[in-house]
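The structure under discussion appears below in the form of structure tokens.
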Amino acid sequence: MKLTYCYDCPKKLLPFHITPTPHLTCAEGPLHERENINDEDTKAEQTCPQSCMSQDISWSFGSQSDTVNVRQCPASTIPPVTRTAETSNAPNESIELPKSIQSNLVDVSEGVGQTSFTPFFWHIPKCAGTAIQNLYFCMGLTLANQVGANPKFKHNEETALVEFKPWKRYDWSVINVDTTTRAGILRAQELGLVSSKEPKADLVVSGEFDSVVSHLFDKTNRGKVFAMFRHPVERLESLFYYLQKANWESTFHPEWAKTSLRDWAKTHKGEKNWMVHKLVNKDVHSLTMDDLELAKQIVKEKILVGLESKFVESIHRFNVYSGIDDSCKERQSCIASLARVPTKGDKQATRASNSDPHPKTKPGSDLWKLLTEDSLDVLLYEYIEEIYEHQGEIIGIEIKDSADDK
């Protein structure tokens, strides 16, 4: 029986990597053995230098043909190369975004300073999300998060949108919806949250990226997204230690206190790819490198990124992007409180509100390798670090190393 197969890679790599992509070369017959070809095309191919191949394997992931081993190589071990579109970490520009994301969210370059679009803070767990919400409460914004639908405030069954102040000791306002669950998002959609002018949500907060984009925003009422990012290993560490103590959280896991981070990581592998999973709306256990490429493209086009390692600068970027004037004395005071390094018992520093001291994993250690193994989020984060500088140019903010961020 004859077999027709098509490929888009050098013959010397066959029979591996047979993929359904455009502009393929096709042949008929049995898959031939790999060929040792020494033409000009193969001479130009980039391969990993031996100095890098001698490094320990950092993490691995499976492919259709074999296991792919990833090594983290210090720049000093790699000969200089000219970085081109083919060798960069940039996403595939030919990738098309899902229709809801393309139509319901503005591009980063389009949303700068515009107040006609509703800001959407994509809340990634343990990436300073609570502190950022407290900041915008302090700055006088009305938030749509999970607070307004809490039954104890008795507005969760209202048939119309209501703006109210949930706490007597704070002059903070919320809308009576829950944008952190699918059921709550559908209720907010039914009540017309984003299209409402009175009451109006100044900021939508949620970790449910796809549900918010698909159900709360539309072509007429578009959103603009910003998010704070943290190295995935640091995020996993914080999540593990925090949720074993945080009995006020719905995701409280006291049983985690009885295990080690190493054992936890072995049984909670899905947490390593939380960001890609949420961005592409796909089961966390069936993600592929194609999903990573789509996630990169979504971030590049639709999300203004912040880095927790450049916290104060990132907050200023969020404000500029969202059209929030942070120059007045009161709002500067809110930012100053947020920027302070929290100390034990410090009830004034906003960043201390949801933080928890915990052991740190040493980069390059066996535990670090375990936490980064099979992690698409690590690769996404590396790309986010790259575009952070580019986005600073888009919104007109000079990159600087702030002393507050070190």
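The residue list Phe252, Met289, Ile315 was ranked by how far each Cα lies along the charge dipole of the range 235-346 toward its positive end, using unit charges on Cβ atoms, and Phe252 comes out on top. Cα gyration tensor of the range 213-255, axes a ≥ b ≥ c as square roots of the eigenvalues: rounded (a/c below 1.5), prolate (a/b > b/c) or oblate? Note, shape of the range 213-255 comes out oblate. Taking packing as the residue-averaged number of other Cβ atoms within 10 angstrom, the listed peptides 207-217, 96-106, 288-298 run from highest to lowest as 207-217, 288-298, 96-106.
Is the shape of the range 168-294 best called rounded, prolate or oblate, per the rule: a/c under 1.5 gives rounded, else a/b larger than b/c gives prolate, else oblate, with a ≥ b ≥ c the square roots of the Cα gyration tensor eigenvalues?
Details: a/c = 2.52, a/b = 1.44, b/c = 1.75.
Cα axes put the range 168-294 in the oblate bin.
Accessible area per residue for the range 167-268, computed on protein heavy atoms with a 1.4 Å probe, is 47 Å².
If R₀ is 35 angstrom, what is the calculated FRET efficiency for the pair Ala246 and Asn221, using the beta carbon separation as r and rounding to 0.05? Don't skip to the end; give the middle numbers.
Values: r = 34 Å, r/R0 = 0.99.
It comes to 0.50.
Seen through its C-alpha gyration tensor, with square-root eigenvalues sorted a ≥ b ≥ c, the range 123-190 comes out oblate because a/c lies at 1.5 or above while a/b is not bigger than b/c.
In whole percent, how big is the carbon plus sulfur part of the accessible area of the range 97-141, probe 1.4 Å, protein atoms only? Before the final figure, lay out each step's value.
Numbers: 720 of 1450 Å².
Here carbon and sulfur together make up 49 percent of the probe-accessible area.
The values are calculated or read from the model by the stated rules, or taken from the named source; none is laboratory data. Remember, predicted model here, so these are calculated numbers, not experimental data. All Cβ positions, even for glycine, are placed from backbone atoms using ideal geometry, and neighbour counts span all protein chains on display. All accessible areas refer to the heavy atoms of the entire protein, side chains included, with ligands and DNA or RNA removed. Shrake-Rupley method; radii C 1.70, N 1.55, O 1.52, S 1.80 Å.
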